[in-house]
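S.K.: Quick one: the structure is below, and I'll ask about it shortly.
The values are calculated or read from the model by the stated rules, or taken from the named source; none is laboratory data. All values reported here derive from a predicted model rather than from experimental measurement. Neighbour counts run over all protein chains shown; Cβ positions are idealised from the backbone, glycine included. Just so you know, the surface numbers come from the protein's heavy atoms only, side chains and all, with ligands and any DNA or RNA stripped out. Shrake-Rupley method; radii C 1.70, N 1.55, O 1.52, S 1.80 Å.
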Amino acid sequence: MASADFPAVDARTIASVLQLVRGATFDDFLLAPQHSVLERRDPSAIDLSCLLSRHIVLRRPIVSANMDTVTRAPMAIVQAEEGGIGIIDRGFRPGDIRPQVREVEIVKRTQHGVIADPYSIGPDAPLDEAAALMARSRVGTLVVVDDRRKLKGLLTERDLRFAPTSGSRVSDRMTPRDKLVVHPGPLAPVAAERLMMAHKVKKLPLVDEADVLLGLITAKDLMRQTRLPFATRDEQGRLRVGAAIGAKGDYLERAAELIKAGVDVLVIDIAHGHSIVMDRAIAEVRKRFGPVELIAGNVGTSEGTRFLLDRGVNGIKVGIGPGGGCTTRQTTSFGVPQVQALVECRKEASGSRVPLIADGGVRRHGALIAALLFGGDCTMLGSAFAGTTEAPGEVVHKSVLLPESQKTVKVPFKVLRGMASIEAIRDRLDVEDADRVEIEALGAEGTEVSVPAVGSARAIVRDMVKHICSSISYGGAASLGELREMFWRDPMRYLIKLSTSGRRESYDR
Ligand code: XMP
């Protein structure tokens with residue numbers, strides 16, 4: 001059976017593919033269909049396992065981009081529940097570390113086997129304080145403990161409903177310890193489910209022999225565990241999440257706080273990752289935090305990949321300029337077409353066990369499999385998710401003229417902005433008053449675009465997964481790993497370089 005690792009690629013084969021893909025990107029190719037071996041394209045039966053970074057496996061090869069119009073906690077939760085992962089952006093103002101940390105905390109607390117450190121409050125605390133803590137942390141249950149962490153009761157949102165909060169204390173409304181079903185010591189999920197069903201309870205606190213709180217199991221979490229079999233979880237059953245830190249300013253302090261909050265992987269994300277700035281940033285992060293899981297980027301050449309491999313990163317982001325909100329190529333004339341970049345970087349990374357994240361430029365679902373075959377272990381997407389309900393930002397309605405009927409209709413949109421756009425830079429630097437020219441001098445390499453509002457990211461991920469499974473079927477394989485092996489054994493069997501009219505027939509709609 002094929003593994004989650006990208007197969008090692010023969011040097012002569014990749015050199016010949018590199019000749020073919022120079023200057024090319026996704027729309028320059030079609031893949032030739034092969035004899036299909038799948039009876040059904042069933043996403044729950046087709047293995048799409050891949051690596052995000054050296055020690056993190058994803059069951060779905062999809063990552064939401066660290067952009068402030070794409071990934072905050074709601075997006076990261078959906079991505080991890082569906083088998084991918086979200087990277088929380090660092091688009092918060094310098095020194096403003098807490099808001100990013102809070103997003104990571106929300107994800108880590110969303111879904112657990114056992115919540116080892118549930119939100120708690122003292123019995124004598126005012127009810128107002130409990131209500132504020134519930135609102136801030138977005139949880140509906142607080143465990144009531146004394147100052148030695150001994151269990152005293154449970155307080156739920158329902159206990160606060162219709163109760164005058166001012167003047168009352170937590171102990172006035174909580175369900176006290178002697179009325180709770182409690183389990184001494186740790187408990188496996190199946191046994192917990194049985195116990196909770198037998199007692200018809202939705203919350204089960206775990207305590208030690210001195211009644212000190214060990215954790216909390218909730219029925220909602222247990223149900224989610226079985227409903228979401230592909231979810232990306234850590235060893236404790238919590239959803240995984242990544243966070244971007246940058247390479248300058250407060251990045252070390254940011255990293256320290258994010259690690260404390262339980263972040264699974266840090267991403268040093270700068271536009272040009274093959275740089276002196278990156279060299280220093282990786283060295284500092286390694287010095288301070290040792291073997292923390294670390295992804296770095298972006299690069300688009302084999303030299304850039306070698307540079308990051310030599311510095312001991314655990315994952316590499318590939319993509320110079322393909323992003324939907326990106327103007328680097330227009331403003332600098334530098335960049336690498338994404339398929340060429342993926343093959344070049346794969347050539348260098350082959351056999352290293354350091355995965356490549358194909359970052360940007362996926363504008364149709366068919367490009368996903370291309371990104372995953374040419375060199376990406378997984379794919380990172382921004383524009384594809386920017387119009388979803390889970391993306392930050394408001395829906396705006398714009399008038400659109402329908403060409404056929406010449407009628408004007410109101411269409412809902414959301415905004416995607418490049419992280420190096422003037423708008424994003426202005427927000428980060430807190431310079432609302434600065435004029436456009438002044439900020440342009442900072443070197444904007446991104447732009448703001450409207451993308452149609454499209455509903456939940458969950459539906460989009462599931463659609464993407466179905467299309468990847470269909471690609472695997474057309475490719476004559478039974479899993480992503482197998483298709484990669486078949487492709488790289490004989491790439492010319494698959495690759496059709498398109499003529500202008502071939503491209504028009506394939507992709508112009
Ligand atoms: P898509 O095509 O999925 O790409 O929207 C997402 C990726 O685009 C990159 N990105 C930028 N690149 N200037 C750039 O040169 C920018 O302002 C910018 N903002 C985002 C980033 O790699 C992201 O993951």
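S.K.: For the chain, what relative contact order do you get, as a whole percent, if you take Cα pairs closer than 8 Å and at least 6 residues apart?
M.R.: With pairs under 8 Å counted, the relative contact order is 23 percent.
S.K.: Still on this model: Can you find, among Gly475, Ser506, Val451, the residue sitting farthest towards the positive end of the charge dipole of the range 441-509, where Lys and Arg contribute +1 and Asp and Glu -1 at Cβ?
M.R.: So the residue we want is Gly475.
S.K.: If you don't mind, there's one more thing I want to ask. Please compute, over every Cα-Cα pair in the range 120-227, the percentage with a separation greater than 16 angstrom.
M.R.: The calculated P(r) of the range 120-227 puts 58 percent of pairs beyond 16 Å.
S.K.: Ordered by packing density, taken as the mean number of other Cβ atoms within 10 Å over each peptide's residues, highest first, how do 414-420, 275-281, 76-82, 339-345 rank?
M.R.: 339-345, 76-82, 414-420, 275-281
S.K.: What is the calculated FRET efficiency for Arg161 to Lys407, with r their C-beta to C-beta distance and R₀ = 35 Å, to the nearest 0.05?
M.R.: 0.15
S.K.: Also: Out of the DSSP beta bridges found with both residues in the chain, what percent are antiparallel (nearest 5)?
M.R.: 50 percent
S.K.: I've got another one for you. Compute for the range 301-349: radius of gyration divided by Kirkwood radius, i.e. Rg/Rh, restricted to C-alpha atoms, rounded to two decimals.
M.R.: 1.01
S.K.: Provide Asp178, Asp508, Asp463 ordered by accessible surface of protein heavy atoms (probe 1.4 Å), highest first.
M.R.: Result of the area sort, largest leading: Asp178, Asp508, Asp463.
S.K.: Please work out, to two decimal places, the log10 of the ratio I(q)/I(0) at q = 0.14, 0.17, 0.22 Å⁻¹ from a Debye calculation in which every Cα of the range 38-135 carries one identical scatterer.
M.R.: -0.72, -0.92, -1.19
S.K.: Could you tell me which residue out of Leu258, Pro205, Ala367 lies farthest along the dipole of the chain toward its positive end? Charges go on the beta carbon: Lys and Arg +1, Asp and Glu -1, centred on the Cα centre.
M.R.: The residue sitting farthest along the positive end of the dipole is Pro205.
S.K.: Per-residue counts of other Cβ atoms within 10 Å, averaged by peptide: what ranking do you get for 312-322, 25-35, highest first?
M.R.: The peptides rank, most packed first, as 312-322, 25-35.
S.K.: With a 1.4 Å probe and all protein chains in place, put Thr226, Thr327 in order of accessible area, largest first.
M.R.: Thr226, Thr327
S.K.: Run the quick spin-label model on Asp508 and Lys398: label points 7 Å from Cα toward the beta carbon, then report their separation in nm to one decimal.
M.R.: Result for the modelled spin labels: 2.4 nm.
S.K.: Still on this structure, please answer the following. Beyond 38 Å, how much of the Cα-Cα pair distribution for the chain remains, as a whole percent?
M.R.: 33 percent
S.K.: Oh, and also: Normalised by the empirical 2.2 N^0.38 Å for globular proteins, what value does the Cα Rg of the range 269-321 take?
M.R.: Output field value: 1.02.
S.K.: Let me have the 222 nm mean residue ellipticity of the chain computed from DSSP H runs of 4+ only, each contributing -39500 (n - 2.57), with the sum over all residues rounded to the nearest 500.
M.R.: -10500 deg cm²/dmol
S.K.: Then there is this: To the nearest 0.05, how large is the calculated FRET efficiency for Lys466 and Thr226 if R₀ is 22 Å and r is the Cβ-Cβ distance?
M.R.: Computed FRET efficiency for Lys466 and Thr226: 0.50.
S.K.: While we're on this one: Using the alpha-carbon atoms, what tilt in degrees (0 to 90, nearest 10) does helix 251-260 show relative to the longest principal axis of the chain?
M.R.: Compared with the principal axis, the helix lies near 50 degrees.
S.K.: Further, regarding this structure: For a quick protection proxy, order the peptides 190-203, 469-482 by their average other-Cβ count within 10 Å, most packed first.
M.R.: 469-482, 190-203
S.K.: How large is the Kirkwood hydrodynamic radius of the range 60-102, in angstrom, based on all distinct alpha carbon pairs?
M.R.: Taking every pair of different Cα atoms in the range 60-102, averaging 1/r and inverting gives 10.6 Å.
S.K.: Expressed in nm², what is the orientationally averaged projection area of the convex hull enclosing the Cα positions of the range 58-203?
M.R.: Mean projected area for the range 58-203: 11.6 nm², to one decimal.
S.K.: Right, another one. On the accessible surface of the range 120-227, probed at 1.4 Å, how many percent belong to carbon and sulfur atoms?
M.R.: 53 percent
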